Structure formats: C-alpha cells, structure tokens
Amino acid sequence: MGYTDHPDGQDCFGKVIATSKYGLCLGLVASTYDVMFLTTPQGYLPTLSRYFKSTIPCLAAGATFATVTCASTTIRGKDDKINYFMGGASAGGVFGVAARTFRVGLPVGFLLGVAAVIFKASKDGGWAIVPQQTRMLLGMDSNKYDYSLVKDK
C-alpha cells in the first residue's frame with residue numbers, strides 16, 4: 001500500500017497511512033541521528049523525549065500532507081499541482097509549529113511545497129526523481145549475460 005496506488009482524491013485514509021509510515025521512518029532516522037551525534041542525552045527519559053520531539057512532527061507532517069492534498073483535490077475538483085503545493089506547505093507548517101517559530105515554518109513550508117510540486121510533475125510526466133539502478137556484481141551486469149555451463153534448449 002503506497003501513496004500512488006490510487007488516483008488523487010480517492011482512498012484518502014490509505015494515503016494518510018502511507019505518508020504517516022514514511023514520516024515515521026524519517027522521524028526515527030532523524031531522532032537516532034540526533035540522539036547519537038548531536039544532543040547525546042543521558043538517561044532513558046531524556047532520550048525518549050528527544051525521540052518524541054523529532055519523530056512526532058515528521059509523522060504529523062506526512063499525515064497533514066496527505067490530508068490536505070486529498071481534501072483540496074476533492075473540494076476543488078481538480079487534480080493539479082496546486083493541491084500538492086498546499087499539502088507540502090501545510091506539512092512545512094507542522095515543522096514550524098513544532099519549532100514554535102514562524103521563521104522555521106515559512107521556509108520549510110515553501111520548500112516542501114516546491115518538492116511536492118516536483119513530485120507531482122514526475123508522477124504526471126512518467127519520469128523518476130531517483131531513477132532505478134541495475135545491480136551489478138563485480139562490474140558485470142548479471143542480467144545481461146548467461147553464465148551457465150549448459151545453455152537452455
């Protein structure tokens with residue numbers, strides 16, 4: 001179950017769950033980096049609070065993006081990039097609320113809105129932001145050559 005499994009404006013609950021999972025994973029990675037390398041809290045409770053401080057906003061931003069995008073698609077009746085920009089800007093606003101400053105929310109909201117528009121353009125255009133790479137073993141593409149001793153008939 002992923003975000004792009006259904007057309008925009010349909011299966012909103014499934015899209016919220018999918019983006020919340022992505023936000024949770026990103027938040028856990030960011031929290032682990034924060035706890036291990038930046039703040040290094042001493043004890044269980046300070047460590048747990050640092051995890052909550054980084055993970056909960058990421059989870060909420062993912063859910064906010066999907067909710068706002070799906071709601072604006074349904075209300076406006078159009079499937080365009082404006083819906084994605086509104087969703088990205090709202091997700092950035094969640095980070096501003098978590099940081100308790102407007103100076104964080106505005107630029108992060110703008111950047112996430114632009115990133116969401118680029119994602120929508122790639123989805124509509126059929127191109128990938130990060131292209132799939134073929135795995136190569138020791139510099140050889142194993143899918144291209146047959147290394148068996150006996151050929152198939």
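No value in this document is a laboratory result; all are computed from the given coordinates. None of these values were measured; they are calculated from a predicted model. Glycine gets a Cβ as well: all are built from the backbone with ideal geometry, and neighbour counts include every protein chain shown.
Which peptide among 83-93, 21-31, 40-50 comes first, and what is the full order, when sorted by highest mean count of other Cβ atoms within 10 Å?
Working: 83-93: 24.3, 21-31: 17.1, 40-50: 11.9.
Highest mean packing first, the order is 83-93, 21-31, 40-50.
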Inset, instruction - Pop out the ³J(HN,Hα) list for segment 51-65 in order, Karplus 6.51 cos²θ - 1.76 cosθ + 1.60 with θ = phi - 60°, rounded to Hz; leave Gly and Pro as x. - result: 5, 5, 5, 9, 7, 4, x, 5, 5, 5, 5, x, 5, 5, 4
Inset, instruction - With only Lys, Arg, Asp and Glu charged, each at its Cβ (+1 for the first two, -1 for the last two), find how big the charge dipole of the chain is about the Cα centre; round to the nearest 20 debye. - result: 260 debye
Legend entry - Expected 222 nm ellipticity per residue - DSSP helices of 4 or more, -39500 (n - 2.57), all of the chain, to 500: -22500 deg cm²/dmol
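For the chain, what is the convex hull (Cα atoms) projected area averaged across all directions, in square nanometres? Please list the in-between numbers first.
On the way: hull surface 59.7 nm².
Mean projected area for the chain: 14.9 nm², to one decimal.
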Legend entry - Residue-wise HN-Hα coupling along segment 110-116, computed from phi with Karplus coefficients 6.51, -1.76, 1.60 (Hz; x: Gly, Pro): 5, 5, 5, x, 5, 4, 5
Inset, instruction - Would you give the gap between the C-alpha center of segment 1-70 and the C-alpha center of segment 93-129, rounded to a whole Å? - result: 14 Å
Inset, instruction - Pop a pseudo-label 7 angstrom from the Cα along the beta-carbon direction at both F102 and T4 and give the gap in nm to one decimal. - result: 3.7 nm
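Cβ under 14 Å from K21's Cβ, K21 left aside: what net charge do those residues give with Lys, Arg +1 and Asp, Glu -1? Let's see the in-between values first.
Working: positive: K15; negative: D5.
Residues near K21 contribute 0 overall.
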Legend entry - Backbone HN-Hα couplings from phi across segment 68-82 [Karplus 6.51/-1.76/1.60, Hz, Gly and Pro as x]: 5, 5, 5, 5, 5, 5, 5, 5, 6, x, 10, 10, 9, 6, 5
